[in-house]
Every structure is written in structure tokens, then in C-alpha cells.
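Notes to accompany the following structure.
All of the numbers you see were taken from the coordinates with simple rules; none came from a lab. These figures come from a predicted structure and were not determined experimentally. For neighbour counting, all protein chains shown are included, and Cβ atoms are generated from backbone atoms with ideal geometry for every residue, glycine included.
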Amino acid sequence: MRVFIIGVSGAVGGLLARNLTDRGDEVLGLVRRADQRDRLAARGTVAQVGELADMSAEALAPMLSGVHVTVFAAGSNGGAKKDTSEIDGEGVVKALEATRLADVPRFALLSVLPEAGRGDDLDEDKEFYFAVKKLVDVTVSESYLDWLILRPAMLVDRAGTGTIALGPAQPHDEISREDVAATLAALLHEPLIRRQILELTQGSTPIEAAVHANIR
Ligand SMILES: NC(=O)c1ccc[n+]([C@@H]2O[C@H](COP(=O)([O-])OP(=O)(O)OC[C@H]3O[C@@H](n4cnc5c(N)ncnc54)[C@H](OP(=O)(O)O)[C@@H]3O)[C@@H](O)[C@H]2O)c1
């Protein structure tokens, strides 16, 4: 499988690239800087350098030529409104349109559990972030493409356990980035999982079994 990851320089994006490469997939992606491209090349990922915020869907589309699935794993993580708007908002819409223009059949979005910040007395930037994330999920879910939206709980940097809870609705908790990447890789390898929003948190079901249980 040929996978293009927007956000391949990020923590989850990088782990996903590694997981897919280990499975024998071909991984391509978009990064902002040449040093990121060179670091990824050493791991077998072919990245192109470009600023998503300044790029049109028409400019992005040729990079997706021959790809089987576009994965969007970039985002501001609740940072400044401008970045959230340009990347988590318009960036996703642009990537979705580029995917359509390039005749790529599948689009996977790494989103967030909408209630992740509940009770946290969020600042204005974070409130905006959660609102944008939800609206973009709506846009992707209305696409005729073969889409998939994965909403993980709070991401943590501990070793993956290989066991998760995955389904249309999950309580908000935590999940290791390694397990998010492994789950996303397994989902990408299961073509019967399509046009679904799946929420993800740490749990007790092995990843492959959890993915299989969500085939509709
Ligand atoms: N944090 C959480 O608890 C949480 C929970 C659920 C879901 N998520 C979602 O998971 C996603 C990935 O998380 P992560 O931990 O892997 O994030 P990360 O390590 O911060 O990676 C973010 C990626 O987005 C790119 N990016 C950020 N701002 C950008 C901009 N202005 N223009 C272009 N690219 C930009 C980064 O590029 P550079 O490397 O060039 O900066 C990087 O590739 C988040 O974006 C969020 O939507 C997060």
C-alpha cells in the first residue's frame, strides 16, 4: 500500500510511518523543512517539503498521485488560533479536496475526542481548536470518498500496550501515541472499515481484534 501522511514529521505521524514501513508499505509525506525530509529519508519515508498553509489543493494533488490513502495527522494540538484555522481547519479541507483531485480513494483523519477538554477550564485557543476539529469531522464525514475518522483520547508518550478500546463511542481517557499509530496502521490495512468515526482509548482488546470487531 502507498500511503501519504500529512504531518509525517509529528509524533503520531512518525510512528505511523515507521509502523507502515515495517509492514512493507510505501510511505510518502509532506514536511515543512528540508532537515525533516532528510531525517525521514533515512527511515525510508519519501517526504516533500512544503507549507500546507500556503498551498492550494491543486498544488498538493500531484504529490498524491498513485497513492492509495491520504492520512491527515497534522495539527496545532490546541495551539494558536491561526495555526488551528490553517492546519486543523482549512488544511484538512484542502487535503480532502487534493485527495479527490488526485483520484485517491481513501482519506483518514486523525481527529480528537470532542469532549477531551471537558472540565479543564479551556482557554480561548483550545475552545476554538475543539470547535474546528468537530466541524472538520463533519466535512470529512460528508465526503463521498472512502473516509475514516479516528478520535483518540488524550495522547501520552508511554510505550504502547498493544491493547485498546475502539468503537463509535468511547469514554475520554488516555492512549499512548504508539498504540494510536499501531491502531491507525491496522485500520488502514482493513479496507472493510470505511465511512466510520471511531473513538479510541486505552483498553484491554488486542489492536487487530478491536479493528476486526468494528467491521460493519
Ligand atoms: N494532544 C492530544 O492529546 C491529542 C489527542 C487526540 C488527538 N490529537 C490529534 O493528534 C494530532 C497529532 O498529534 P501529535 O502528538 O503527533 O502532534 P505533533 O507531534 O505536535 O505533530 C503535529 C504535526 O502537525 C504539523 N504542524 C503543526 N503545525 C503546523 C503548521 N502551522 N503548518 C504545517 N504543519 C504543522 C507538525 O509539523 P512540524 O513537525 O513541522 O511542526 C507535525 O507534523 C494532533 O494534531 C491532534 O489533532 C491530539
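General remarks:
- Peptide ranges 34-45, 197-208, 91-102 listed from the most packed, as the mean C-beta count within 10 angstrom indicates: 91-102, 197-208, 34-45
- A full extension of the chain between Glu115 and Glu97 corresponds to an added length of 3.7 nm, given 0.36 nm per residue minus the alpha carbon distance.
- Counting Lys and Arg as +1 and Asp and Glu as -1 over every other residue whose Cβ lies under 14 Å from the Cβ of Met1, the net charge comes to -2.
- Taking packing as the residue-averaged number of other Cβ atoms within 10 angstrom, the listed peptides 108-118, 179-189 run from highest to lowest as 179-189, 108-118.
- Helix content alone sets the calculated 222 nm mean residue ellipticity of the chain: runs of n ≥ 4 DSSP H residues at -39500 (n - 2.57) each, divided across all residues, give -10000 deg cm²/dmol.
- In percent, rounded to a whole number, the relative contact order of the chain is 18, using alpha-carbon pairs under 8 Å and six or more apart.
- Solvent-free Debye scattering, log10 I(q)/I(0), computed from the Cα coordinates of the chain at q = 0.13, 0.14 Å⁻¹: -0.68, -0.79
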